[in-house]
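Q: Have a look at this one before I ask anything.
The values are calculated or read from the model by the stated rules, or taken from the named source; none is laboratory data. Only a predicted model underlies this, so the values are computations on that prediction, with no experimental measurement involved. Here the Cβ positions follow ideal geometry from the backbone for every residue, glycine too, while neighbour counts run over all protein chains shown.
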Amino acid sequence: MAPERVHPALRHRVLVLVGLMGSGKSTVGPLIADRVGLPFADLDALIEASTGHTIRDLIVTEGENAFRAIESEVLADALSGPPVVLATGGGAVGDPRSRQLLTDGPVVVWLQAPVGTLVERVGGVGAAGRPLLDEGPVEVLTRLETERAPLYAEVAAISIETGHDTPDGVAASVVDALDQMVDDGADLMAGAEDGERP
């Protein structure tokens with residue numbers, strides 16, 4: 001991408017999307033990337049390319065703890081490279097190493113949606129290669145929302161509701177939030193004062 005096309009908040013920083021599965025990270029990510037002048041990358045796809053295994057296979061055969069360690073290593077590599085818009089897996093924030101990486105420099109955007117909307121988007125039990133949903137989407141997503149919301153809040157500088165907007169609308173909201181924070185001279189990293197967060 002031509003440097004003049006890159007959003008001023010992201011010329012030297014990665015924009016990371018976090019949120020529960022179904023919140024729109026993989027759908028909205030490419031639209032945001034186009035608007036801010038950066039390539040798009042999906043952390044799960046990077047993990048699969050790096051290991052030669054699907055995410056489902058890694059979790060089922062290696063266990064979630066081992067998978068999170070791999071995820072953290074691939075995340076570190078992605079954050080140390082050229083700026084991109086990076087969609088993470090919903091559980092990346094659960095690993096302390098990944099959380100530290102997310103608070104050490106990238107601009108983190110938390111995409112949120114009601115559990116009912118998430119269930120509609122991700123489908124039924126075990127849908128779309130998502131082994132964490134094998135116990136039942138409503139129950140699992142409700143529990144994950146309770147567990148992970150404080151962790152998303154810890155790392156995110158921007159929070160956007162995606163449940164009642166189109167993907168293009170969500171992408172526009174993210175860019176608007178970046179514009180506003182640049183105009184305000186606000187810190188785009190985690191830990192900014194609540195009043196500085198859209």
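Q: Going through the stretch 27-53 one residue at a time, which ones are closer than 20 Å to T166 by Cα and in a helix (DSSP H, G or I)?
A: T27, V28, G29, P30, L31, I32, A33, D34, R35, V36, listed by residue number.
Q: Against the conditions (1) more than 27 Å from T162 (Cα to Cα); (2) assigned to a loop (DSSP other than H, G, I, E, B); (3) in contact with a helix residue (DSSP H, G or I) (Cβ under 9 Å, 6 or more places away or on another chain), where does M21 fall short? Just the number, please.
A: Result: M21 passes all but (1).
Q: On to the next question. Taking interchain pairs and intrachain pairs at least six residues apart, which have beta carbon atoms under 6 angstrom, with the first residue in the stretch 135-153 and closer than 16 Å to G89 by Cα and the second at pLDDT 90 or above and exposed (fewer than 15 other Cβ atoms within 10 Å of the Cβ)?
A: none
Q: Has the stretch 51-70 got at least one residue that is touching a strand residue (DSSP E or B) at 6+ places or on another chain (Cβ under 9 Å), over 13 Å from Y152 (Cα atoms) and surrounded by 17 or more Cβ atoms within 10 Å (Cβ to Cβ)? Spell out how you get there, then give the answer.
A: Filtering the stretch 51-70 down to residues touching a strand residue (DSSP E or B) at 6+ places or on another chain (Cβ under 9 Å) leaves none.
Checking the stretch 51-70: not a single residue is touching a strand residue (DSSP E or B) at 6+ places or on another chain (Cβ under 9 Å), over 13 Å from Y152 (Cα atoms) and surrounded by 17 or more Cβ atoms within 10 Å (Cβ to Cβ).
Q: Looking at A172 and the list (1) modelled with pLDDT under 95; (2) assigned to a helix (DSSP H, G or I); (3) under 20 Å from V18 (Cβ atoms), which single condition is not satisfied?
A: Just one mismatch for A172, condition (1).
Q: Ok, one more. Give the residue that is surrounded by the fewest Cβ atoms within 10 Å (Cβ to Cβ), with candidates limited to residues of the stretch 171-185 that are under 11 Å from I32 (Cβ atoms) and small (G, A, S).
A: Of everything passing the filter in the stretch 171-185, A172 is surrounded by the fewest Cβ atoms within 10 Å (Cβ to Cβ).
Q: Okay, moving on. Quick one: is G116 part of a helix (DSSP H, G or I), at pLDDT 90 or above, out of contact with any His (no Cβ under 7 Å at 6 or more places or on another chain) and more than 22 Å from I59 (Cα to Cα)? Give the derivation first.
A: On the way: part of a helix (DSSP H, G or I): yes; at pLDDT 90 or above: no; out of contact with any His (no Cβ under 7 Å at 6 or more places or on another chain): yes; more than 22 Å from I59 (Cα to Cα): yes.
No, not satisfied.
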